[in-house]
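This report concerns only the one structure given below.
The values are calculated or read from the model by the stated rules, or taken from the named source; none is laboratory data. Please read these numbers as outputs of a predicted model, since none were measured by experiment. Every residue, glycine as well, gets a Cβ built from its backbone with ideal geometry; the counts of neighbours run over all protein chains shown. To get the accessible areas, we keep the full protein, side chains included, count just its heavy atoms, and leave off ligands, DNA and RNA. Shrake-Rupley method; radii C 1.70, N 1.55, O 1.52, S 1.80 Å.
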Amino acid sequence: MGTRCLTFVYEDGEVVLNMYRQFDGYPSGHGVELAKFLEGMVIVNGYNSDDKRKIANGMGCLAAQLVSYFKVGVGRFYLESPAATNCGQDYEYHITNKGVRVVNYNGNEMFNGTFDEFKGFCEAND
């Protein structure tokens, strides 16, 4: 049995992505990989093609990049309905333009902070 997780991405308080991971969903697994994706990410509203920063043009763009980053081949990752909240997950990762919030299977908040702080949390839980 795997350690499942859900990763939610929010734009203006609404879920735009609910991605299910079948296994390795714990902070030292999925969390570390997610932190690598988010590290240095800047959320912008409009962009210049010459911009060399690691950017997402809003949270919808970040959600699309996130799926592209994780989904390689068949299985492991699935898209769920934005309203799905009970998928047998052990962990939840909630991403907004302000940062990341992590909740465990008991509904207890384990972390709430910026993208850069999230990396430290995940590494500390390795």
DSSP beta bridges in region 1-115 [antiparallel fraction, %, rounded to 5]: 70 percent
Rounded to the nearest 20 debye, dipole of region 1-102 from Cβ charges on Lys, Arg, Asp, Glu: 240 debye
Additional length obtainable on full extension of the chain from Ser28 to Asn125, 0.36 nm per residue less Cα span: 34.4 nm
Fraction of antiparallel bridges per DSSP, region 1-63 only, in percent to nearest 5: 70 percent
Around Thr7: net Lys/Arg minus Asp/Glu count, Cβ-Cβ under 15 Å: 0
Of the GluC sites (Glu not before Pro) in region 29-126, those whose Cβ has at most 14 other Cβ within 10 Å and which sit in DSSP loop: Glu39
Ranked order, His30, His94 - accessible area, probe 1.4 Å, largest first: His94, His30
Nearest 10 degrees, 0 to 90: helix 115-124 Cα axis against the chain principal axis: 30 degrees
Helix-only [θ]222 nm of the chain, DSSP H runs n ≥ 4, -39500 (n - 2.57) each, per residue, nearest 500: -6500 deg cm²/dmol
Directionally averaged shadow of the chain, computed from the convex hull of its alpha-carbon atoms, nm²: 7.9 nm²
Sites matching trypsin sites (Lys or Arg not before Pro) across region 22-126 that sit in DSSP coil, with at most 16 neighbouring C-beta atoms within 10 Å: Lys52, Arg53, Lys54, Lys71, Arg76, Lys98
The chain: relative contact order as a whole-number percent, Cα under 8 Å and 6+ apart: 33 percent
Karplus-derived HN-Hα couplings along region 92-98 (A = 6.51, B = -1.76, C = 1.60, θ = phi - 60°), whole Hz, x at Gly and Pro: 10, 10, 10, 10, 10, 5, 8
C-alpha long axis of helix 59-70 to longest principal axis of the chain, angle in °: 60 degrees
Vicinal HN-Hα couplings computed from phi for region 19-34 (Karplus, 6.51 cos²θ - 1.76 cosθ + 1.60; Hz; Gly/Pro x): 10, 9, 10, 6, 8, 6, x, 6, x, 7, x, 4, x, 4, 5, 5
Global geometry of region 69-120, whether rounded, prolate or oblate, following the gyration tensor of its Cα atoms and the 1.5 cut on a/c: oblate
